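The values are calculated or read from the model by the stated rules, or taken from the named source; none is laboratory data. Just so we're clear, the structure is a prediction, and the values are computed from it rather than from any experiment. As a convention, Cβ positions derive from the backbone with ideal geometry for all residues, glycine included, and neighbour counts pool all protein chains shown. Calculation scope for accessible area: heavy atoms of the full protein, side chains included, ligands and nucleic acids excluded. Shrake-Rupley method; radii C 1.70, N 1.55, O 1.52, S 1.80 Å.
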Amino acid sequence: MFIEERLNKIIDILKVEGRVYVKDLSERFDMSEPAIRKDLQRLEREGKLKRTYGGAILERGKSESSSIQTRLIKNTSIKNTLIEKAFNEIKDGEVIFLDISSINYLLAKLIIERNKKVTLVTNMVEISALINDNVGTELLCIGGTYNKILGGVIGSTAIENISRYRADKAFIGSCGVNVYEGTLSNFDLEEGNTKKAIMNHSKKVYALIENEKFNLDGSYNFAKLEDIDTIITEEKPDKGIIKILDESGINII
């Protein structure tokens, strides 16, 4: 096997398993462990993986924090695909939790434009401006401490108010999903705790995730994969990610 083929194969294994070990690769390719370490060193220099003690993991990016106004105009075509899929999961008469996210703002806009007969419960202030007198959608706004960067209310008061409701479905945003560690992450501790409260008071939880976020991480893990029922994304992720999600019992749309 040529060296380029072997390097590509190592990356393929990483995408499926999330982690590789020098000893296992040595046996798989019938090579010495020092030779495998050189392969991993080269792949690390190329930015394709991160070496760890005894092996390596995929190199993951760091998600960047930005204001809600910035996020609303980013990846709009992908987000439009996501909200159409999410809309199809919502039935008349349901109570729907929408947390603070640019995708949920667009989803709320679609629900209201199509006059869906549901009750929306949200801690995202911007969504309230979408309601007008001719809309059959009912809106309940969660009170709490307003965060102008996030564009919504978070914290202990918001969590207390959330606990008074019981939703049929919750739609949650996340800045990063690490299937190998089984976590969903964001940037703000209080926002993460608020998201968790919404999830805990919903019968079914959907995570709205752009595909790129499977390779990104935030600074705070607010939930585990097992807390999610369904992930909605614009297209199927890598086979390795699908395999882990399937094994975790998570539906992918």
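Run the accessible area of segment 3-59 with a 1.4 Å probe and give the carbon-and-sulfur part as a rounded percent.
Answer for segment 3-59: carbon and sulfur cover 45 percent of the accessible area.
Give the peptides 87-100, 43-56, 194-207 in descending order of average Cβ contacts within 10 Å, highest first. Don't jump to the answer; show the numbers that get you there.
Details: 87-100: 18.8, 43-56: 14.7, 194-207: 21.1.
Output ranking for 87-100, 43-56, 194-207: 194-207, 87-100, 43-56.
Which one, ALA170, ALA223, ALA129, has the greatest fluctuation when you compute a Gaussian network model over the chain with C-alpha springs under 10 angstrom?
Maximum fluctuation in the GNM of the chain, among the listed residues, is at ALA129.
Roughly how big is segment 3-59's charge dipole about its Cα centre, with Cβ charges of +1 (Lys, Arg) and -1 (Asp, Glu), in debye to the nearest 20?
200
To the nearest 20 debye, what is the magnitude of the charge dipole of the chain about its Cα centre, counting +1 on the Cβ of each Lys and Arg and -1 on the Cβ of each Asp and Glu?
Numbers: 37 positive and 39 negative charges, 33 e Å.
With only Lys, Arg, Asp and Glu charged at Cβ, the dipole is about 160 debye.
Of the peptides 180-189, 6-15, how do they stack up when ordered by the mean number of other Cβ atoms within 10 Å, highest first?
180-189, 6-15
Among ILE149, ILE162, ILE232, whose mean-square fluctuation peaks in a Gaussian network model of the chain (Cα, cutoff 10 Å)?
ILE149
Of ILE90, LEU184, PHE171, which is farthest along the charge dipole of the chain in the positive direction, counting Lys and Arg as +1 and Asp and Glu as -1 at C-beta?
LEU184
Compute the distance in nm between two label points, each set 7 Å from the Cα along the Cα-to-Cβ direction, one at THR81 and one at LYS62.
Using points 7 Å along Cα→Cβ, the separation is 2.9 nm.
Determine the shape class of segment 3-59: with a ≥ b ≥ c the square roots of the Cα gyration tensor eigenvalues, call it rounded for a/c under 1.5, and otherwise prolate if a/b is greater than b/c, oblate otherwise.
Because its axes are fairly even, with a/c under 1.5, segment 3-59 counts as rounded.
Rounded if a/c is under 1.5, else prolate if a/b beats b/c, else oblate: with a ≥ b ≥ c from the C-alpha gyration tensor eigenvalues square-rooted, which is segment 71-179?
Because its axes are fairly even, with a/c under 1.5, segment 71-179 counts as rounded.
Can you figure out the FRET efficiency of GLU226 with ASN193, using R₀ = 22 Å and their beta-carbon distance, to the nearest 0.05?
0.75
Please report Rg over Rh for the chain, where both radii come from the alpha carbon positions and Rh follows the Kirkwood definition.
Dividing the radius of gyration by the Kirkwood radius yields 1.06.
Tell me the label-point distance for the pair ASP12, ASN115, using the 7 Å Cα-to-Cβ offset, in nm and rounded to one decimal.
Those two pseudo-labels are separated by 5.4 nm.
Please state the Cα pair-distance histogram of segment 177-219 with 10 angstrom bins from zero: what percent is in each bin?
In whole percents, the pair-distance histogram is 25, 54, 21.
Which residue, chosen from LEU139, ILE127, VAL22, occupies the Cα position most advanced towards the positive end of the dipole of segment 6-164, where the dipole is computed from +1 (Lys, Arg) and -1 (Asp, Glu) charges on Cβ about the Cα centre?
So the residue furthest toward the plus end is VAL22.
Taking only protein heavy atoms and a 1.4 Å probe, what accessible area per residue, in Å², does the chain have with all protein chains in place?
49
Could you run the Karplus curve 6.51 cos²θ - 1.76 cosθ + 1.60 with θ = phi - 60° over segment 88-105 and give me ³J(HN,Hα) per residue in whole Hz, x for Gly and Pro?
Calculated HN-Hα couplings, in order: 5, 8, 9, 10, 4, x, 7, 9, 10, 8, 10, 8, 7, 6, 5, 5, 5, 4 Hz.
For TYR146, what accessible surface area do you get with a 1.4 Å probe? Give it in Å², rounded to 10.
110
Roughly what would the spin-label model give for GLU5 and ARG51, points 7 Å off Cα along C-beta, in nm?
2.6
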